[in-house]
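The values are calculated or read from the model by the stated rules, or taken from the named source; none is laboratory data. Just so it is clear, the structure is predicted and the values come from calculations on it, not from any experiment. Here Cβ is always computed from backbone atoms with ideal geometry, including for glycine, and neighbour counts include all displayed protein chains.
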Amino acid sequence: MPTKSNIQTLWPICRMKRLITYFAFFLTLQISCNGQSFFNLTDSVFEVGQINRVDISWDLSGSCPIRGESIPLIDSIYNFINKYKNVQIEVGANTDYRGDSIMNVEITERRAKCVKTYFIEKGIDNPNRIKYKGYGEYNPIVIDEEINKLYPFLDIGQKLTETYIKKLDTIEKQEIANLLNHRTEIKIISTNRP
């Protein structure tokens with residue numbers, strides 16, 4: 001098990017948050033890479049299927065578990081969809097393979113729905129423009145060049161499946177791979193107003 005000091009030396013670019021998941025009785029780590037605090041998709045032309053990873057920090061308590069430090073980011077996504085009224089998005093939440101697979105889907109479904117609920121309460125013009133989906137562990141991330149630059153031991157184009165992660169030669173590398181699978185994504189699913 002990596003220690004706190006090992007984690008800080010392994011991931012100097014990233015800010016780590018430790019959360020104890022009381023319902024499952026195991027320690028998980030959440031990662032916030034590249035210091036992202038605002039949604040930066042500002043083009044006026046968008047492609048259907050375009051996906052942007054966003055760093056939303058989640059809490060374990062309350063009906064809507066978004067942590068306060070993520071509110072500026074969520075507000076910037078809200079501003080984006082308010083500005084581009086023809087864009088329909090999907091909020092997708094993901095986790096790694098650890099824990100119960102059914103519970104993983106339920107947790108990620110609640111998290112994704114929480115973002116949509118936030119937009120509705122903030123006053124989005126048409127709630128049908130926002131879809132949400134909890135993928136649980138069933139949508140592992142695929143390593144791109146950006147991730148490979150941070151973690152060269154992960155191969156470009158490789159999907160971070162349970163089998164691949166368990167073959168990594170250290171616990172620290174396995175933990176990095178699992179943390180990368182814990183993510184929230186904003187996907188453009190239509191550029192025509194629903």
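Things worth noting here:
- Filter pass, ILE141 being under 18 Å from the mean Cα position of the chain (by Cα), of a type in the set (A, V, I, L, M, F, W, C) and within 18 Å of ASP55 (Cβ to Cβ): yes
- Leading residue by the ranking (modelled with the lowest pLDDT) among those in the range 83-124 that are over 16 Å from the mean Cα position of the chain (by Cα) and of a type in the set (A, V, I, L, M): VAL87
- Meets criteria (touching a Pro at 6+ places or on another chain (Cβ under 9 Å) and not charged (D, E, K, R)) for TYR97: yes
- Any chance LYS113 is in contact with a Gly (Cβ under 9 Å, 6 or more places away or on another chain) and surrounded by 15 or more Cβ atoms within 10 Å (Cβ to Cβ): yes
- Positions within the range 140-194 being closer than 30 Å to ASN126 by Cα, among the polar types (S, T, N, Q) and surrounded by fewer than 20 Cβ atoms within 10 Å (Cβ to Cβ), in sequence order: SER190, THR191, ASN192
- The range 163-175 residues that are at negative phi, paired with ones that are of a type outside the set (S, T, N, Q) and assigned to a loop (DSSP other than H, G, I, E, B) (beta carbon under 7 Å, 6 or more apart): ILE171/MET1; ILE171/PRO2; GLU172/PRO2; LYS173/PHE153; GLN174/LEU168; GLU175/PRO2
- Summed over the range 92-106, residues that are surrounded by 21 or more Cβ atoms within 10 Å (Cβ to Cβ) and out of contact with any Lys or Arg (no Cβ under 6 Å at 6 or more places or on another chain) total 3.
Conditions (1) within 28 Å of PRO72 (Cβ to Cβ); (2) modelled with pLDDT of 95 or more; (3) not charged (D, E, K, R), marked per residue:
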{"site": "GLU137", "(1), (2), (3)": "no, yes, no"}
{"site": "ASP155", "(1), (2), (3)": "no, yes, no"}
{"site": "LEU160", "(1), (2), (3)": "no, yes, yes"}
{"site": "LYS167", "(1), (2), (3)": "no, yes, no"}
{"site": "ILE171", "(1), (2), (3)": "no, yes, yes"}
{"site": "LEU179", "(1), (2), (3)": "yes, no, yes"}
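- Residues that are touching a strand residue (DSSP E or B) at 6+ places or on another chain (Cβ under 8 Å), under 19 Å from LEU160 (Cα atoms) and either hydroxyl-bearing (Ser, Thr, Tyr) or not in a helix (DSSP H, G or I) (or both), drawn from the range 53-107: ARG53, VAL54, ASP55, GLY92, ALA93, ASN94, THR95, ARG98, GLY99, SER101
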